[in-house]
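Notes to accompany the following structure.
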Amino acid sequence: MAKILDQFLEENLQELRGAGLYNEIDPVEGPNGPTIKVGGKDLVNLSSNNYLGLATDEGLKKLAKDAVDKYGVGAGAVRTINGTLDIHVRLEEKLAEFKGTEAAIAYQSGFNCNMAAISAVMDKNDAILSDELNHASIIDGCRLSRAKIIRVNHQNMDDLRKKAKEATESGQYNKVMYITDGVFSMDGDVANLPDAVQIAKEFDLITYVDDAHGSGVMGRGKGTVKHFGLEKEIDFQIGTLSKAIGVVGGYVAGKQQLIDWLKVRSRPFLFSTAMTPGDVAAVIGAVDKLLASDELVDKLWENGDYLKAGLKKLGFDIGNSETPITPCIIGEEKLAQQFSKRLMEEGVYAKSIVFPTVPKGTGRVRNMPTAAHTKEMLDEALAVYEKVGKELGVIG
Ligand SMILES: *Cc1c(COP(=O)(O)O)cnc(C)c1O
């Protein structure tokens, strides 16, 4: 064992622990539903991305079990060897239908998908205009491509236009791409896609929207691009199958030619084993459910609105969310962490999010209501919020 590694780990872990920044992970002792069991205690769960409650859906569980019986537990190979099962093909047709595009390609995760898709198209002679609050997987995907990364001030369309103009007029780059989250997960704000598309047209930018938090939520569940009616304008629609869809995986939806290219040039597709049959079958079932009915999406928004109204009435600062994501902005980092800890002791699981994930002084507890919560659960959470809020002097 290398001494240099021991020394590296010891120093860095000590520094993190000393600063109170080492994240201890709580194992959940059962399903990740609207309530969860942690440390033997049942808690109202406001921390998952399981927006529609599909992670524990009985019908989807059955579909996954049947697929395991038919195909086994693993796909057995990468997609290009013989890991492409007929259900992978069905899944991709279904995802294209869901997103209103010609075609789609599935990956093993949303994170993987950003690693795959950006670097398959962009290279060191290109530039990427990237919103400063984009998800870590977008940032890593951009870095992997070796394109010049140009940060754009968050949701600032003047800044985007200025930098798009500079980049295209400089003559330094072959291609320029604009990349944004569809819904930003820390504040719950929605990307200004109509204006971004106008700017993209003006400067012939490639457009890339990662709608991990928008799919299943915006546009009657079909996503943020559909919400704005821009299916024909956005080049890459990225989605995850791990959040509202409730399973695991990721995808790109777009034109047939784009998907054809990704199938021969995106490395996680070529060199990492395909999604498992059980996952694929459950995802197909989940998308079918969303195509058939708006009921779960409506319930999600109703619950989101209810929680927001309740917190606001109690006097909390809930920021500018336009989606069910409900931040409760506490301010000072230590206080936000203490708030979350007290919520948990009182029966509510909602995690604090602090600098550097969000700006200094805007430490918050983020609440993710889902379609699976009952009014009683949300009322219970609000009562705990009131108690802890008064106790810690966050509300009067
Ligand atoms: C969560 C998230 C991902 C990662 O998705 P996984 O399927 O969990 O790997 C990618 N992009 C964005 C914007 C996300 O919020």
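The values are calculated or read from the model by the stated rules, or taken from the named source; none is laboratory data. Every value quoted in this text rests on a predicted model; they were computed, and no experiment measured them. For neighbour counting, all protein chains shown are included, and Cβ atoms are generated from backbone atoms with ideal geometry for every residue, glycine included. In case anyone asks, the SASA skips ligands and DNA or RNA and just uses the protein heavy atoms, side chains included. Shrake-Rupley method; radii C 1.70, N 1.55, O 1.52, S 1.80 Å.
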>> Using the Cα centre of the chain as origin and beta-carbon charges of +1 (Lys, Arg) and -1 (Asp, Glu), tell me which of Ala104, Ala77, Gly182 is placed farthest towards the positive end of the dipole.
In response: Ala77
>> Lysine pairs in the stretch 41-98 with Cα distance under 21 Å, only those 8 or more apart or on different chains: how many are there?
In response: 6
>> For the chain, set up a GNM with springs between Cα atoms under 10 Å and report which of Val38, Val365, Val183 has the largest fluctuation.
In response: Val38
>> Just to make sure I understand: if all protein chains stay in place, what is the order of Thr273, Thr370 by accessible area at 1.4 Å, largest first?
In response: Thr273, Thr370
> Ignoring ligands and nucleic acids, what accessible area does Arg265 show with a 1.4 Å probe (Å², nearest 10)?
Replying inline: 130 Å²
>> For a quick check of understanding: with a 1.4 angstrom probe and all protein chains in place, what accessible area in square angstrom does Lys148 have, to the nearest ten?
In response: 110 Å²
>> Given the whole protein assembly as supplied and a 1.4 Å probe, what does the accessible area of Glu169 come to in Å², nearest 10?
In response: 130 Å²
> Once every DSSP H run of n ≥ 4 in the chain is given -39500 (n - 2.57) and the sum is divided by its residues, what mean residue ellipticity at 222 nm do you get, rounded to the nearest 500 deg cm²/dmol?
Replying inline: -14000 deg cm²/dmol
> Pick from Val44, Val264, Val121: which is most flexible by mean-square fluctuation in a GNM of the chain where alpha carbon atoms under 10 Å apart are linked?
Replying inline: Val264
> How high is the FRET efficiency from Lys360 to Glu29, r the C-beta distance, R0 30 Å, rounded to 0.05?
Replying inline: 0.30
>> Using Cα-Cα distances under 8 Å and only pairs 6 or more residues apart, what relative contact order does the chain have, in percent?
In response: 21 percent
> Taking a 1.4 Å probe, which of Thr180, Thr35 shows the most accessible area, and what order do the others take after it?
Replying inline: Thr35, Thr180
>> Given a 1.4 Å probe and heavy atoms of the protein chains only, how would you sort Leu307, Leu392, largest accessible area at the top?
In response: Leu392, Leu307
> Under the classification rounded if a/c is under 1.5, otherwise prolate if a/b is larger than b/c and oblate if not, where does the stretch 1-89 fall, given a ≥ b ≥ c as square roots of the Cα gyration tensor eigenvalues?
Replying inline: oblate
> Taking the simple approach of a point 7 Å from Cα along Cα-to-Cβ for both Lys162 and Asn192, what is their distance in nm?
Replying inline: 1.3 nm
>> Need the full-extension length gain, Arg17 to Arg265, defined as separation in residues times 0.36 nm minus the C-alpha distance. One decimal, nm.
In response: 85.1 nm
> Does the chain come out rounded, prolate or oblate by the C-alpha gyration tensor, with a ≥ b ≥ c the root eigenvalues, rounded set by a/c under 1.5 and, if not, prolate when a/b is larger than b/c and oblate if not?
Replying inline: rounded
